[in-house]
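Student: The structure follows.
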Amino acid sequence: MPFPQLATPTGALLAACLFTFAPGIAHAVTATTAKAQAAATGDAPALPAYQADLSQTTVSGLSSGAFMAAQFAVAYSSTVTGAGIIAGGPYFCSGQPGSFPYIPYLTNALGTCMNPDSAHVAPPVASELLRAANDFARARLIDDTANLKRQRVYLFSGTKDQTVTRPVVEQVGKFYELAGTPTAQIRFVDTVNAGHAIITDNNQDKACDVTASPFINDCDFVQARDILQHLYPDLLPSSTTLTGKLISFNQRSFIRNSYSSMNNTAYAYIPKACDSESCRVHVVFHGCLQTTQAIGNRFYTSTGYNQVADANKIIVLYPQAEPSPVFPYNPKGCWDFWGYTSLNPLDPNFYTRSGTQMDAVKRMLERLGAARNSRQ
């Protein structure tokens, strides 16, 4: 599942230059897009409030979604208690190496943060990234990194994955160890003969060792269960029949600008018990090429999260990125971990609490945690 710029780096740079040197054109494009999006969400239902227990919020994701999960877990560490990282790298991965005033975020994302060996560069360095996170925390751009000590972390690297390789994933564990997270709270699964994909126990999915759309592979175990079992050790067995409901909602209402590369609509699975009880929340970030435009409802209906959640009073939130071919340049619907949503690509804020996508997801969580029947 290569990131979009891997196939067309020249196009990415041209798109960035278009916005940097012709802001009038870029703003015209985004203004038009905003109008179209507003019209499209006119009848979309609002996300209901469920009085969720946000003190037990966890996140997970695949590929760019894994980078997003790692990013969100650090930036909002006072809220997040655990993270599942499937083929992803550490917080602020694309920010290192580099030095002020110029950090080649895009170049780092495509090399350092994916397959460093094939790009002939070194993997990310956890100690440097933690140092940056500590600096950001002191500047109050992210939450206090001391919160990382309490998080539980699940890491996965398939032995056949050549998209995001083991040395990159390994640095997530080192990042947390350096932050003071006890080793007993960090689980690293790296012996499965898997390609670049989220794993299921469904023989209708792709073979375990391939890397191909929809990036959902049958490796004879349900990874969603594996992740949630580590993040919530008290889990009951998964439901065989779902009793809750899958809802779609107006995601646009949580987004503060028109260049987010996020879909108008997102999804959530609500166990029946959560209609009357206070439930935990788990946020799942899809990978590149796993948007609804690319694979329909496959990611949020067939990856196994809902069955685990149904039996364990966990609301599953599925925010949605979307492809955007001009600005922001994100043609394969990846989550932003190199700065494509920032007005100034040389000074992005994607890794901070105010980053466009992370801020939107945090606002969705706050809505889920609001008192029942309250207005949005």
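Since every read-out is calculated from the coordinates, none of them should be taken as a lab result. Because the structure is a prediction, the values reported are computed rather than measured. As a convention, Cβ positions derive from the backbone with ideal geometry for all residues, glycine included, and neighbour counts pool all protein chains shown.
Student: Along each of its three principal axes, how wide is the spread of alpha-carbon positions in the range 72-205, in whole angstrom units, largest first?
Tutor: Projected onto the principal axes, the Cα atoms of the range 72-205 cover 49, 34, 23 Å.
Student: May I ask you to list, by number, the DSSP H helices of the chain whose Cα span along the axis is at least 15 Å and whose average Kyte-Doolittle hydropathy reaches 0.0 or more?
Tutor: Numbers: long enough: 9-21 (18 Å, 1.65); 23-40 (25 Å, 0.47); 64-75 (16 Å, 1.33); 126-138 (18 Å, -0.21); 166-178 (18 Å, -0.23); 356-369 (20 Å, -0.51).
In the chain, the long hydrophobic H runs are 9-21, 23-40, 64-75.
Student: Okay, next question. Quick query: amide H of T265 versus all other amide H atoms, modeled in the peptide plane; which residues come in under 5 Å with a sequence gap of 5 or more or a different chain?
Tutor: Amide H to amide H, under 5 Å and 5 or more residues apart or across chains, T265 pairs with Q251.
Student: Turning to a different aspect of this structure: Output the relative contact order of the chain, whole-number percent, from Cα pairs under 8 angstrom with separation of 6+ residues.
Tutor: 23
Student: Continuing with the same structure: Test of understanding: in a Gaussian network model of the chain with alpha carbons linked when under 10 Å, which of T241, T291, T356 would top the mean-square fluctuation ranking?
Tutor: T241
Student: What residues qualify as long-range amide H neighbours of G82, i.e. H under 5 Å apart, gap of 5 or more or another chain, H built at 1.01 Å from N?
Tutor: Amide H to amide H, under 5 Å and 5 or more residues apart or across chains, G82 pairs with V59, R152.
Student: While we're here: Would any residue of the range 262-276 have its amide N under 14 Å from a label point 7 Å out along Cα→Cβ of N373? List them or say none.
Tutor: 276
Student: For the range 182-300, rounded, prolate or oblate, judged on the Cα gyration tensor with a ≥ b ≥ c (square roots of eigenvalues), a/c < 1.5 rounded, else prolate if a/b > b/c?
Tutor: Oblate shape, in that a/c is at least 1.5 and b/c is the bigger or equal ratio.
Student: Now for a separate question. In this model, which of K206/K362; K160/K206; K206/K245 are farther than 22 Å apart at the alpha-carbon?
Tutor: Listed pairs above 22 Å: K206/K362; K206/K245.
Student: Please report the spacing between the Cα centers of the range 165-220 and the range 333-376 in Å, no decimals.
Tutor: The range 165-220 and the range 333-376 have Cα centres spaced 25 Å from each other.
Student: Mind checking which of F285, F72, F249 has the largest fluctuation in a GNM of the chain, springs on alpha carbons under 10 Å?
Tutor: Comparing F285, F72, F249 in a Gaussian network model of the chain, the most mobile one is F249.
Student: For the chain, modelled as a GNM with alpha-carbon contacts under 10 angstrom, which of A273, A212, A184 fluctuates the most?
Tutor: Comparing A273, A212, A184 in a Gaussian network model of the chain, the most mobile one is A184.
Student: Ok, one more. Between S253 and R140, what length in nm is gained on full extension when 0.36 nm per residue of separation is reduced by their alpha carbon distance? Mind showing how you got there, number by number?
Tutor: Values: separation 113, 0.36 × 113 = 40.68 nm, distance 2.57 nm.
Separation in residues times 0.36 nm, less the Cα-Cα distance, equals 38.1 nm.
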